[in-house]
1. Criterion first (polar (S, T, N, Q), under 23 Å from Ser24 (Cα atoms) and crowded, with 17+ Cβ neighbours inside 10 Å) does Asn310 satisfy it?
2. Any idea how many residues of region 359-394 are without any contact (Cβ under 8 Å) to a residue 40 or more places away in the chain and among the hydrophobic types (A, V, I, L, M, F, W, C)?
3. Can you spot a residue in region 290-305 that is more than 16 Å from the ligand (Cβ to nearest atom), charged (D, E, K, R), surrounded by 17 or more Cβ atoms within 10 Å (Cβ to Cβ) and part of a loop (DSSP other than H, G, I, E, B)?
4. Among the residues of region 1-55, how many are without any contact (Cβ under 8 Å) to a residue 60 or more places away in the chain and of a type outside the set (S, T, N, Q)?
5. For Gln177, state whether it is free of Cβ contacts under 8 Å to residues at least 24 places away in the same chain, out of contact with any His (no Cβ under 6 Å at 6 or more places or on another chain), away from the ligand (no atom under 11 Å from the Cβ) and within 25 Å of Val56 (Cα to Cα).
6. Where residues in region 317-368 are within 24 Å of the chain's Cα centre (by Cα) and among the hydroxyl-bearing types (Ser, Thr, Tyr), which of them is surrounded by the most Cβ atoms within 10 Å (Cβ to Cβ)?
7. In region 205-226, is there at least one residue being surrounded by fewer than 24 Cβ atoms within 10 Å (Cβ to Cβ), of a type outside the set (Ser, Thr, Tyr), within 20 Å of Leu54 (Cα to Cα) and away from the ligand (no atom under 16 Å from the Cβ)?
Amino acid sequence: MSKPAMKELIDKAEQYIFPTYIRSPIVLTKGEGMNVWDSEGKEYLDFMSGIAVLNVGHLHPRVVEAIHKQSSKLMHVSNLYYSEPQIKLAELLITHSFADKVFFCNSGAEANEAAIKLARKVFKDKGEGNRFEIITMENSFHGRTMATLSATGQKKFHHGFEPLLSSFAYVPFNNAQAVEEAITDITCAVMVEPIQGEGGVNCPSPDYLKNLRHICDQHGLLLIFDEVQVGMGRTGKLFAHQHYGVEPDIMTLAKALAGGMPIGAMLAKEKFASSFSAGTHASTFGGNPLSCAAGIATIEALLQDKILDNCQKMGDYFYSKLLSLKEKHPLLIKRVKGKGLILGIELSFEGTEIAMECLKNGILIICTMRNILRFVPPLIITEKEIDILIDTLDKLLEQTPISTP
Ligand code: PLP
């Protein structure tokens, strides 16, 4: 029997699947390293990594082997029992982070839900249950569940789902004074992405996170870092906050943690972790042996295969190439931003067309906030692939009309 054509598959998808995503019209069937292929055999360079998931690349041999081995032994076990991959992954995360305890779940939203619940519980346990509000940032993104949607400081995601949970206060990102001014008697925590991803690749000034730490310490608040997008090596260090000389009380991870397998994790210091006692929180699939085996292989690859070094080197190279592109097209590119291999260019016009043209030219990129092209390739990328993207963008920008305001 012949394989269904791409158009036929897409028609079926439109028929059967909720239309919640604006999808590019391709069906992807295969991936390896930096590349993916569609069902008609066309090859693409992947500069989006399934949105910052495939940090070690598609089908990393260590991850594939770990999944093969684990899937022939034990695929699932209830959290009412112990399982070895979960214990080993927990040990690896704790050894390489500020934290003492980890709670496993399945996604970034679920990890942030756990962080929000833990912050509330810590204060309830202290007899300060009236402190439940969390300060989050404008242009942040924390997930799509009701609590994490409410934590997200972007109105466009709220639309249609109000009333939201009223226990979040939004302040501008990268403004520590605004956080201080927003603290009231009911504040219990500050939650922030060290670098905003969905919000447009926004890096903080060097002292911002340290200042937040100081403010939280002064006011007895918890500091939560959402590293769902920028953790697991994306910025050239295992966790993005490690660039800024500061530690949170709670951190959330997901996306790249298991090399492409679904997983989420919420990590915390012991003195706060103890508020999640037996029966207070749970997840059926959280810490699933298959995902955890993939997670162990992913961390080992990141730490042992010089992938973090490559991320730093290629990040610098990529950034300098984007700066040269900006010099060449100063009216079309307003700004180059990012750190390591989460990079973006702010265009002076809407970027979806450029992203579509890149797709036609065999390159996957993301356009976010309408005019920011975001690049989050696998961290195993080489100069050759960066040059291909830069040449393609150059060609497309040459053809873009410059509209004067
Ligand atoms: N937090 C951040 C910073 C994110 O970028 C995302 C997803 O893009 C999430 C949370 C939500 O993660 P998930 O889609 O796995 O629920």
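1. So Asn310 fails the test.
2. 2
3. no
4. Residues that pass the stated criteria total 30.
5. no
6. Thr368
7. No - not one qualifying residue is present in region 205-226.
Yes or no, residue by residue, for (1) in contact with a Pro (Cβ under 9 Å, 6 or more places away or on another chain); (2) in contact (Cβ under 8 Å) with a residue 40 or more places away in the chain; (3) buried (at least 24 other Cβ atoms within 10 Å of the Cβ):
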| residue | (1), (2), (3) |
| --- | --- |
| Glu113 | no, no, yes |
| Lys121 | no, yes, no |
| Arg131 | no, yes, no |
| Ala147 | no, no, no |
| Lys155 | no, no, no |
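Readers should treat all values here as calculations from the given coordinates under stated rules, not as data from a laboratory. Because the structure is a prediction, the values reported are computed rather than measured. So basically every Cβ, Gly included, is an ideal-geometry build from the backbone, and we count neighbours across all protein chains shown.
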